[in-house]
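Engineer: Here it is, the structure in full.
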Amino acid sequence: MVELNSQRPRKRWFILGLTTLSQVSVSAIRLGLPALVPFIKAELKLSRTEVGFLSSVLNLGSIAAGIPAGKAADRFGEKPLIGFAAIAAGLIVMGVNWVESYGSLVPALILTGIAAGSSTPAGSKAVAGWFSADERGTAMGVRQMAVPLGGAIAALSLPPLAIGFGWRIAFAAAGAAAVGSGLIAGYFYEEPAGTPVPSKKRAVGVADLALRKEILAVLIFAFVLGGGQWCYLTYLQLYLVEVVRLPLTMAAALLASGQIFGAAGRIIWGVSSDKLFHGRRKPALVIVGILAALMSFAISLFTPETPLWLIVLSFALLGLSLLGWQGLSFALISELVESRAAGVAIGLNQSVALSGIMLLPPLFGFFVDMTESYRGAWILLSGLILFTLSFFGWIREK
C-alpha cells in the first residue's frame, strides 16, 4: 500500500468523519431491519422462516457487491462510491412505501444489500489512502465502529417511529438520513494525494489475490471470525437463558454490553496495532484470535452455578475480541497489496466475512440440535478460531 508523505494533511480527520458518517447511515439501514422485523412480520403475516430469509437476502446483496465495488474503487477512485452507496441504499429503502407483499419486499432488500455493501470497500480504501501506517489501524477502527453505532441508532429510533407511523415510514426516515449523509460525503470527499488517475489498465483479479498465501490467511480468519461473531449475536441470549438459567432481561443486557465492548474493541485493537506494535496488524489479530478462542472455550463450561462476575467478564472479553477485529483485517489486507488493488482486496475480505456470517450460525445451531448441547458447539468454534491462526505464518508484514 502506498504511504502518504511525512506531511500529514490535517484534512484526514475530516475525511474520516465523512466516511464514518456515510457508514453510520448505511449501517442504520442494514441493522435497522432486525429492529423492524416484529412490525413487518405482523403486517405481512410472515412465518419465522420467511423472517430469517429477510436478513439472509440483505446479506446476500452485500456479498454480491463487495468485489465489484472494490474493483470500481480501484479503477475510478473512491469518490463516486463514497456518496453513491448511501444515496442508493436510502432511495431504495424509501421505496418500500410501495411494498405490499413479501414477494416485493425480498428484491427490494437484495438491492438495498447491494447498495449498502458498496460502501465498505470504497470507505475503507479511502481511510487506507489518507492515513499512514502508524495511524491507519486507529482510523480504520473508528470507521468500523460506525457499524454498531448505526445499529444502536436504528434500534433506539426506528421502533418508536414504527409504532407511531408504521414500519414503512420508519424505514423511509432511515433512507432519507442516508441520502442526506451520502450527499454530504460525496460532495466534500477528496481523493488522497498521490491517488492514481483512473485507467483502463486491467484490474488485479480476485483469483490473483486469493491465491496469494498471505491474503488467503486473512480471508480464512475473516470467514471464521465473521461467522463466529454472528454465532455470538444469534445464540448468546438463548444459551444464557436455556443453559445458564439467567433471566431474559439479564441475558439481553449481557448481549448489549458485549456489543458495546465490540465497538470499543474496534478502536482499542486499532490503537494497539498503531502504537504498541508500531503499525503491524498481525500481532494484534493473533491476540484477538487467542482471546476469542479462550473465551469461547471458557463459556462452554458455564453452568447455573457459575458466578455472575465470571459470566460478565467472559462475555465482555468475547465481545471485545469476537466483535472487534474487522477494522484490523481491512487495514492488514489493504497493506498486503499494492494501492491499485486495495479496493478489490477489501471487497473480497468483506464478501468472505459475510459468507461466514451466512454459513456458520446455521451450522452452529444444527450442531446444537444434533448433540442437544451448546458445549460442543462453543468448543468447536474455539477450535476453528485457533485453526485460522495456524495460517498466520504465511503473513509477512512490511
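Rule-based calculations on the coordinates, nothing more; no lab input. Remember, it's a predicted structure, so these values are computed and weren't measured experimentally. Using ideal geometry, Cβ is built from the backbone for each residue, glycine included, and neighbour counts are taken over all protein chains shown.
Engineer: Net charge within 10 Å of VAL344 by Cβ-Cβ distance, Lys/Arg positive one each and Asp/Glu negative one each, not counting VAL344 itself?
Structural biologist: +2
Engineer: What is the Rg over Rh value, at two decimals, for region 38-98, using alpha-carbon atoms and the Kirkwood definition of Rh?
Structural biologist: Over the Cα atoms of region 38-98, Rg/Rh equals 1.11.
Engineer: Over all pairs of distinct alpha carbons, what does the Kirkwood formula give as the hydrodynamic radius of region 206-394, in Å?
Structural biologist: Values: mean 1/r = 0.0593 Å⁻¹.
After inverting the pairwise mean of 1/r, the radius is 16.9 Å.
Engineer: Projected area of region 11-188, taken from the Cα convex hull and averaged over every viewing direction, in nm²? Kindly include the intermediate steps, with their values, before the conclusion.
Structural biologist: On the way: hull surface 38.3 nm².
Averaged projected area of region 11-188's Cα convex hull equals 9.6 nm².
Engineer: So what's the back-of-envelope 222 nm ellipticity for the chain, counting only DSSP H runs of four-plus at -39500 (n - 2.57) apiece and dividing by all residues, rounded to 500?
Structural biologist: -26000 deg cm²/dmol
Engineer: Just to be sure I follow: if Rg is taken over the C-alpha atoms of the chain and Rh is the Kirkwood radius over the same atoms, what is Rg/Rh?
Structural biologist: We get a ratio of 0.96 for the chain.
Engineer: Pop a pseudo-label 7 angstrom from the Cα along the beta-carbon direction at both PHE14 and LEU308 and give the gap in nm to one decimal.
Structural biologist: With each label placed 7 Å out from Cα toward Cβ, I get 5.0 nm.
Engineer: Continuing with this model, one more query. Could you run the Karplus curve 6.51 cos²θ - 1.76 cosθ + 1.60 with θ = phi - 60° over region 53-66 and give me ³J(HN,Hα) per residue in whole Hz, x for Gly and Pro?
Structural biologist: 3J(HN,Hα) across region 53-66, in whole Hz: 5, 4, 5, 5, 6, 5, 5, 4, x, 5, 4, 5, 7, x.
Engineer: Continuing with this model, one more query. Using a Förster radius of 22 Å, what is the FRET efficiency between HIS278 and GLU190 based on their Cβ-Cβ separation? Nearest 0.05, please.
Structural biologist: 0.20
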